[in-house]
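First comes the structure, then the notes that go with it.
The values are calculated or read from the model by the stated rules, or taken from the named source; none is laboratory data. Keep in mind that this is a model prediction, so the values were computed, not measured. FYI the Cβ positions are ideal-geometry reconstructions off the backbone, even for glycines, and counts take in every protein chain you see. Only protein heavy atoms, including side chains, enter the accessible area calculation; ligands, DNA and RNA are left aside. Shrake-Rupley method; radii C 1.70, N 1.55, O 1.52, S 1.80 Å.
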Amino acid sequence: MTPLLELKDLHKSFRVAGGKRGFSHSMLPAVAGVSLTLNKGQTLGLVGESGCGKSTISKLIMGLLRPDSGSIRFRDQELSQLNARQWRPLRSQMQMIFQDPYASLNPRMTVNAILNEPFAIHTKLNQQQRRDKVASLLEKVGLEPWHGQRYPHEFSGGQRQRIGIARALALQPELIIADEPVSALDLSIQAQIINLLDSLQEEFGLTYLFISHDLSVVEHLCDQVAVMYLGQIVEQAPVEQFYRQPAHPYSEALLQALPVADPTRTAHRLPQGEVPSPLDPPPGCPFHPRCPYAISICRQQPPALLEIADQHVVACHRSGELNLGGIS
């Protein structure tokens, strides 16, 4: 299959204060050589601990940040060097759902005005046609047309996220990037939003990049899983294979940390210590200071991201010899 979205060797660093050896600043590598593929109609779950670079990737894809180097291709069009004018026609094809459903909505605009804005900017629909579109969008996400007369603060968190989803759907995009869309919601509301995203994908043939740190949510919604650690992809695999037989020790640690209602489950060795600072990453494999399986080569040489099975790639020197445990 030809990928809808393809990232190749993507790099992005930020200047931060407090440099070493007399320098006034340092460069913090937020994304360090990321390569990903996402096929049309699929959902790719991008997971990892906070600060690993997931949200930076979403901003790079959407053109909110420009990469230092590397390639971002959408429908075989290179995006990494586009200017604002060149980006405009692509906005209708790529949309984003944000983590905080309140901060992402203008508190001074009614819901009708918020949902009308994409049509006013990107289409030539008349006023009545735009009103009809807005009413239809509200119904698609489980709200009533009269809700459009209200302001964001008059809704619950789950309802506000439904409004954010409606805004993302307005121009019938091919790709939606969902950046932790349920992490700010109660568990019961999370399930409703996940089911809504699932049904909308089936109805409209959407493609999702679903960014999350919750592997339980990813298992339910995604077709593929990509794991980030310290700005790098350490594993990408089909969801069933990933949860059954992960190939990277960090993936195993994330899965073993999931709560399971099984008092007989054997405890597994989990990584010790804290995530190293990206300002001073360890030599070799970035995970080796916390890895219970590390050997001398792990401390000296960074592992390459290699394919070990169909659609399954991993960056680990010992992936061929370890028998890591997943969740059956």
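Estimated from the Cβ-Cβ distance and a Förster radius of 41 angstrom, the FRET efficiency linking Thr110 and Asn83 is about 0.80. Only protein atoms count toward the accessible area here, which uses a 1.4 Å probe; on the stretch 172-328, the carbon and sulfur part of that area reaches 49 percent. For the stretch 159-316, the Cβ-based charge dipole about the Cα centre amounts to some 460 debye (Lys, Arg positive; Asp, Glu negative; other atoms uncharged).
In the structure shown, the pairs Lys8/Lys124; Lys8/Lys140; Lys40/Lys140; Lys59/Lys140 are assessed against 31 Å; a Cα-Cα span above that value is assigned to Lys8/Lys124; Lys8/Lys140.
Here r is the Cβ-Cβ distance between Glu307 and Gln192 and R0 is 56 Å; the resulting FRET efficiency, rounded to 0.05, is 0.90. Charging the Cβ of each Asp and Glu at -1 and of each Lys and Arg at +1, and nothing else, the dipole of the chain about its Cα centre rounds to 1220 debye. In this structure Phe14 has an accessible area near 70 Å², from a 1.4 Å probe over the protein heavy atoms. A simple spin-label model places the labels of Leu64 and Glu154 2.8 nm from each other, with each point 7 Å out along Cα-to-Cβ. For the pair Ala17 and Thr123 in one chain, pulling the backbone fully straight at 0.36 nm per residue adds 33.8 nm over the alpha carbon distance.
Classify the stretch 93-144 as rounded, prolate or oblate from the Cα gyration tensor: take a ≥ b ≥ c as the square roots of its eigenvalues, call it rounded if a/c is under 1.5, otherwise prolate when a/b beats b/c and oblate if not. It comes out prolate by the Cα gyration axes.
Using a 1.4 Å probe over the heavy atoms of the protein chains, calculate the carbon and sulfur portion of the accessible area of the stretch 67-135 as a whole percent.
Exposed carbon and sulfur together represent 46 percent of the surface.
Checking (i) 37, 23, 19; (ii) 29, 25, 17; (iii) 36, 27, 20 against the coordinates, the calculated semi-axes √(5λ) of the Cα gyration tensor in Å falls under label (i). As a calculated quantity, the FRET efficiency between Ser199 and Arg73 at R0 = 30 Å, using C-beta atoms, amounts to about 0.55.
DSSP finds beta bridges in the chain, and of those with both partners inside it, around 60 percent are antiparallel.
Counting only Cβ charges, +1 for Lys and Arg and -1 for Asp and Glu, the dipole size of the stretch 75-202 around its Cα centre is about 660 debye. In the chain, the calculated helix contribution to ellipticity at 222 nm averages -8000 deg cm²/dmol per residue, counting -39,500 (n - 2.57) for every DSSP H run with n ≥ 4. Counting only protein heavy atoms and a 1.4 Å probe, the chain has 50 square angstrom of accessible area per residue. In terms of accessible area, using a 1.4 Å probe and ignoring ligands and nucleic acids, Met27, Met94 rank largest first as Met27, Met94. The candidates Tyr293, Tyr151, arranged from most to least accessible area with a 1.4 Å probe in the full protein assembly, appear as Tyr151, Tyr293.
I'd like to know which of Pro276, Ala237, Gln311 lies farthest towards the positive end of the charge dipole of the chain, counting +1 on Cβ of Lys and Arg and -1 on Cβ of Asp and Glu. In the chain, that residue is Pro276. For the set Glu240, Glu144, the ranking by accessible area, highest first and with no ligand, DNA or RNA atoms included, is Glu240, Glu144 under a 1.4 Å probe.
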